[in-house]
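The values are calculated or read from the model by the stated rules, or taken from the named source; none is laboratory data. All values reported here derive from a predicted model rather than from experimental measurement. Here the Cβ positions follow ideal geometry from the backbone for every residue, glycine too, while neighbour counts run over all protein chains shown.
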Amino acid sequence: MSVRLELIQVARLGAKLLGDSADLVRDFYRRQWTEAGGGRDRSDRPDLYYTVFTLNGCEALEVAFPDAKLEAWLKPFGEGEGLDLVHLTSLARCWASLGKKRMSAGLPKALLARLETFRRSDGGYDNDAKKSHGTAYGSFLALGAYQDLGKLPPKPLRIVQSLKRLETPDHAWNNSPELPVGSTNPTAGAVTLLRHLHLPLNPAVGDWLLARLHPQGGFTAVPGAPMPDLLSTATALHALASLDRRLTAAQRERCLDFVDTLWSAEGGFHGHWADDHLDAEYTFYGLLALGHLSVQ
């Protein structure tokens with residue numbers, strides 16, 4: 001199963017945990033579509049990155065989306081010329097949600113050829129052409145795009161070699177080599193990458209992730225961060241599930257309480273306690289976190 005389908009499957013469980021409130025989230029996602037055809041960003045403009053989360057939220061909640069209008073909006077992006085890594089992989093993911101039958105002949109091959117221009121000399125992927133190394137985030141995006149287009153990255157062991165350079169002494173990962181401590185989201189990305197490449201993982205990674213659990217629930221982005229956030233919580237829970245590490249009943253309840261504090265009656269989730277905005281991305285992370293917490 002691809003990373004995209006895996007995340008949608010878990011988010012679907014989160015919707016069940018919401019019960020009747022799931023209808024509010026469905027309405028929220030319906031409102032995220034712009035007249036242009038793409039999903040809206042935090043400035044209410046259509047954006048490929050936010051379209052991915054709008055699509056995935058609709059798929060998880062079984063909400064119909066304007067597929068014909070979306071297809072028409074995607075076509076001018078062509079083969080991804082001029083797009084950065086994030087938006088190129090988002091374009092591939094959007095087409096995967098629409099279905100490859102809607103893609104023009106040769107488009108999957110062209111998108112993947114463009115994606116390879118973001119491969120760095122150490123075998124990983126990153127947006128910055130000046131860097132000689134890839135990042136866990138960039139390689140995670142690349143793997144997902146390849147899967148969405150029915151392929152695997154060429155020479156996948158080179159990605160593993162790149163990740164080896166990004167390992168930190170505390171049994172985690174970061175996005176730059178030789179950093180002294182890890183970060184939650186790169187670590188979760190690396191765990192997902194290695195699992196999808198069918199490679200073993202050190203159990204100490206699970207210990208590191210569990211140590212990021214905040215006393216008030218939720219997970220922090222880095223050791224010592226003052227507050228948890230929804231992205232780190234969702235990605236940490238996803239990585240822990242793949243490592244078959246479970247929270248205690250008390251930890252689960254604290255995490256559920258934390259996610260609840262970010263819920264809005266408007267149907268979306270805030271990213272953290274200081275975030276006043278609602279968007280499709282963090283709302284999907286809310287569903288993902290709830291999905292994992294529903295099976296703890």
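Numerical summary
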read-out	value
Criterion: on the phi > 0 side of the Ramachandran plot and crowded, with 17+ Cβ neighbours inside 10 Å - qualifying residue of Gly271, Gly267	Gly267
Of the criteria (1) in contact with a helix residue (DSSP H, G or I) (Cβ under 7 Å, 6 or more places away or on another chain); (2) more than 20 Å from Ala68 (Cβ to Cβ); (3) assigned to a loop (DSSP other than H, G, I, E, B); (4) of a type outside the set (D, E, K, R), which one Ser43 fails	(1)
Which listed residue is at pLDDT below 95 and within 14 Å of Leu48 (Cα to Cα), from Ser97, Ser104	Ser97
Ser176 vs. criteria closer than 23 Å to Leu85 by Cα and at pLDDT below 95	yes
Residue that is modelled with the highest pLDDT, among those in the range 1-33 that are assigned to a loop (DSSP other than H, G, I, E, B) and surrounded by fewer than 20 Cβ atoms within 10 Å (Cβ to Cβ)	Ser2
Given (1) of a type in the set (A, V, I, L, M, F, W, C); (2) touching a Lys or Arg at 6+ places or on another chain (Cβ under 9 Å); (3) not in a loop (DSSP other than H, G, I, E, B), index of the condition Ala129 fails	(3)
Residue check, Leu293 in contact with a helix residue (DSSP H, G or I) (Cβ under 9 Å, 6 or more places away or on another chain), farther than 25 Å from Pro46 by Cα, touching a residue at least 60 places away in the same chain (Cβ under 8 Å) and not small (Gly, Ala, Ser)	yes
Selection from the range 68-109 of residues that are over 22 Å from the mean Cα position of the chain (by Cα), in a helix (DSSP H, G or I) and surrounded by fewer than 16 Cβ atoms within 10 Å (Cβ to Cβ)	Ala68, Lys69, Ala72, Lys75, Pro76, Lys101, Arg102, Lys109
Qualifying position, being among the basic types (Lys, Arg), without any contact (Cβ under 8 Å) to a residue 60 or more places away in the chain and either touching a Ser or Thr at 6+ places or on another chain (Cβ under 7 Å) or closer than 22 Å to Ile8 by Cβ (or both), among Lys164, Lys131, Lys100	Lys100
Test: residue in the range 234-254 that is surrounded by 24 or more Cβ atoms within 10 Å (Cβ to Cβ), touching a Phe, Trp or Tyr at 6+ places or on another chain (Cβ under 9 Å) and not hydrophobic (A, V, I, L, M, F, W, C)	yes
All helices (runs of 4 or more DSSP H) inside the range 183-296 with 2 or more residues being under 24 Å from Asp23 (Cα atoms) and modelled with pLDDT of 95 or more	230-242, 249-261, 280-293
Filtered residue count, the range 132-169, keeping only those that are over 16 Å from the mean Cα position of the chain (by Cα) and surrounded by 16 or more Cβ atoms within 10 Å (Cβ to Cβ)	14
Filtered residues of the range 190-233 (kept if over 26 Å from Met1 (Cβ atoms), in contact (Cβ under 8 Å) with a residue 24 or more places away in the chain and either in contact with an Asp or Glu (Cβ under 6 Å, 6 or more places away or on another chain) or small (Gly, Ala, Ser) (or both))	Ala204, Gly217, Gly218, Ala221
Positions within the range 169-213 being among the small types (Gly, Ala, Ser) and within 18 Å of Tyr137 (Cβ to Cβ), in sequence order	Ala172, Ser176, Gly182, Ser183, Ala188, Gly189, Ala190
